[in-house]
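No lab work stands behind these numbers, since they all come straight from the coordinates. Owing to the predicted nature of the structure, the values given are computational and were not obtained by experimental measurement. Quick reminder, even Gly has a Cβ in these numbers, built from the backbone with ideal geometry, and neighbours come from all protein chains shown.
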Amino acid sequence: MNSVPRKTWYDVIVVGMGPAGSSTAYELSQAGFSVLGLEKHTHPRYKVCGGALSARIDHILPPEYKEVVEETVHRLQFTYGPEESFFVESPEPFAFMVMRARFDQWLMTLAQQSGTEVHEDEAVKKLEVLPDGVKVTTTKGEYHGRVVVGADGAMSVVAQQLFPGRGLHNIPALESEIFGVSEIRETVLPKPGELKLAVISLNAAKKGYGWIFPKRDGLSIGVGEFVRGDSRPKRSFQQFSQEEPSLAGLTIPTPVGHPIPVFNRSPGFKGHKWNGGLVHDRAVLVGDAGHLVDPLLGEGILYAVRSGQLAGTSIVKFLREEHGSLEDYEAAIMREFAEEFRIASKLNTVVYGLPRSWHRWLGRTFPGPYQGVLHRYCRLLQGQETYQTLWAHAMQKVNPFGRTTPEMEAP
Ligand SMILES: Cc1cc2nc3c(=O)[nH]c(=O)nc-3n(C[C@H](O)[C@H](O)[C@H](O)COP(=O)(O)OP(=O)(O)OC[C@H]3O[C@@H](n4cnc5c(N)ncnc54)[C@H](O)[C@@H]3O)c2cc1C
């Protein structure tokens, strides 16, 4: 009996089916190209992640994604140790909370429904550039793609093999989840009908922050330390779990660590290259593989999805021979993210350099003058403001002698 020969040639091979890979694959399949998605795990799989989507995700995902939203957050609590805290509320949501297992599976299913062929439990091991494409060797076979997309996360094999000399800029983060504990409802999670609450603590981590994010039946608790070197995330996590009043009495499972590849603002840093760093011949990097993570908050899911969409658009033009190269993907990323990330980097230095002063200052100025910095940052999360407009506003408040007006009083 003759078996059907295994298909090995595709227009595009996407390595990794997280949010970046599935979004890229979806765009390409929708445009009618043959796409193979290779994923080393089997969905639904656990992913170390806080699972917070800032509300501006509404602008880039179809509304059906709400099917997998666990909680909608209208209320933030900023804490600094057990003594100091203040709240920020809005009738418009700040964020939507997801569990990555469900969210990522939902995105992958969308790509499959549009025609992407997915091989799960199949890890990519080796990539070779050929004159007309890329040869991809996995744990199970060999494939050829006219284009390859590196969507394989922080430790990307595609970035390591096809983008030599590209350094990493990973910061350490830890995450734990508690589920099915009834007393959570009595502590951090609001009673039915109350506004949903997420906790942000600027003293929970060394040059970073700690978070408690509500999920349908539990909490995601984590810390991220956003300045390289001299970090101590395990100690920070332990201290945060013990001292944060909202977590009192809860037994928190041992956290799991994972790097966050934040955008690095100094282009020369250890070989990390921003210009030209996302496109190499017939290969592109999206999401974490391309270090497309906000360096202030560590938000990466939104940028993973959006970079996948932008890469998809560029690859379509390349395969249709409307463009001779994939460079316009890089240009689109520069236009949409580069300036945002640069400003977020500056804020990272300023805020995490003096966390206590910032905590107090933000608490004092919110909700006071409605155009206060924290209010503007909340509007940024809601998609009504950008880092550029926020920064421009802050700069307007600084007088030519470097001193600030009372509203923008330096912490
Ligand atoms: C502790 C922590 C908390 C975070 N919290 C948030 C948050 O609250 N909100 C937010 O927006 N971001 C958060 N992030 C960042 C966010 O998780 C990432 O930015 C996001 O997952 C990037 O998506 P991606 O698709 O690029 O990569 P990933 O989600 O990492 O997906 C990559 C996929 O590639 C697969 N893969 C890897 N190697 C191979 C291989 N060789 N072959 C085949 N498949 C492979 C993996 O199995 C995975 O499915 C957090 C990160 C950490 C570490």
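Values for this structure:
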{"quantity": "Ellipticity estimate at 222 nm from DSSP helix runs (n ≥ 4, -39,500 (n - 2.57)) divided over the chain, nearest 500", "calculated": "-8500 deg cm²/dmol"}
{"quantity": "Cα-centre dipole for segment 6-117 with unit charges at Cβ (Lys and Arg positive, Asp and Glu negative), debye to 20", "calculated": "560 debye"}
{"quantity": "Nearby aspartates and glutamates by direct alpha-carbon distance to Lys125 (threshold 16 angstrom, same-chain neighbours under 8 apart not counted)", "calculated": "Glu39, Glu142, Asp152"}
{"quantity": "Potential extension, Arg335-Leu354 segment - 0.36 nm per residue separation minus Cα distance", "calculated": "3.8 nm"}
{"quantity": "Intensity falloff of the chain expressed as log10 I(q)/I(0), Debye formula with alpha-carbon point scatterers, at q = 0.07, 0.08 Å⁻¹", "calculated": "-0.34, -0.44"}
{"quantity": "Size of charge dipole - the chain - debye, nearest 20, with Cβ of Lys, Arg +1 and Asp, Glu -1, no other charges", "calculated": "900 debye"}
{"quantity": "Listed residue pairs exceeding 19 Å between alpha carbons, taken from Lys234/Lys346; Lys140/Lys317; Lys66/Lys196; Lys7/Lys140", "calculated": "Lys234/Lys346; Lys140/Lys317"}
{"quantity": "Normalised contact order of the chain, rounded percent, pairs of Cα under 8 Å and 6 or more residues apart", "calculated": "19 percent"}
{"quantity": "Environment charge of Leu53, counting only residues whose C-beta is closer than 15 Å and scoring Lys/Arg +1, Asp/Glu -1", "calculated": "0"}
{"quantity": "In segment 67-135, GluC sites (Glu not before Pro) in a DSSP loop with at most 16 other beta-carbon atoms within 10 Å", "calculated": "Glu83, Glu120"}
{"quantity": "Cβ-derived FRET efficiency at R0 30 Å, Thr42 paired with Lys126, nearest 0.05", "calculated": "0.90"}
{"quantity": "Extension gain, Arg216 back to Glu322 (0.36 nm per residue minus Cα-Cα distance, nm)", "calculated": "33.5 nm"}
